[in-house]
Amino acid sequence: MPKPGKIKNSSGRKSAVELTEAEWEIMKVVWEKEPCAAGTVQETLAKSRDRAYSTVKTIMDRMAEKGFLKIEKIRNLQLFHSCISQVDAKRGEFRRMLKRAFDGALTPMMQFLIEHEGLSKKQASELRRLVNKTENKKTDRK
C-alpha cells in the first residue's frame, strides 16, 4: 500500500490523483470534517443523495487501500483522515479532462473556453491579470 500522500505510479513517480464521482463526494466531506467516521460521511451525504452506510464504508475502505484516506483506529471506532490535498485532487481531475478533451494541450482548452463558454468582462480582465502575473514571474527568473 502506498504511503499516505504519496500516490505513486509504476515508474515510482508521484502520479496525478484520479477520483471517481463517489470518491469526490466522500473526499469533500472528509476534508471538511476530518477526522471523521464513515457514519458522519454517510449522514452528511444523505442530505443530498441517499447512500447506505455499508456503501459509504466500503468506498472509504477502498479509498484507504488506494492511499487516498488513512484509518485511525480507536477501540471500535475508525476515524478517517485525508492523505491527498484538495489541490492534488483538482490537479488530477483537471489533467484527466485536459488529456481526454484537448489531447493534453492547454492553449486549445483556453481558446475553447473563451469562444464557447463566454467570459464576462470581469472574468476576461482577471484572466489577463493572471497571464500577466505568470509572464512577469518567468521574466523575473531569467
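Below are the figures for this structure:
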item	result
Computed lengthening from residue 122 to residue 134, 0.36 nm per intervening residue step minus Cα-Cα distance	2.5 nm
Pairs beyond 22 Å (Cα-Cα), from 28/122; 28/66; 28/90; 33/66; 99/138	28/122; 99/138
Overall form of segment 55-103 per C-alpha gyration tensor (a/c, 1.5; a/b vs b/c)	prolate
Under 5 Å, built H, 5+ apart or other chain: amide partners of residue 69	64, 83
The chain, helix-only ellipticity at 222 nm - DSSP H runs n ≥ 4, -39,500 (n - 2.57), divided by all residues, nearest 500	-18000 deg cm²/dmol
Summed residue charge, Cβ within 12 Å of residue 18's Cβ, Lys/Arg positive, Asp/Glu negative	+3
Estimated FRET transfer efficiency (residue 110, residue 50; beta-carbon r; R0 41 Å; 0.05)	0.60
Relative contact order [Cα under 8 Å, 6+ residues apart], segment 1-104, whole percent	35 percent
Value in Å of the Kirkwood radius, where the chain supplies the Cα pairs that are averaged	17.8 Å
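Each value in this text was obtained by applying a stated rule to the coordinates, not by laboratory testing. Quick caveat, the model's predicted, so the values are computed rather than measured. Please note: Cβ atoms are built from the backbone with ideal geometry, for glycine as well, and neighbour counts cover all protein chains shown.
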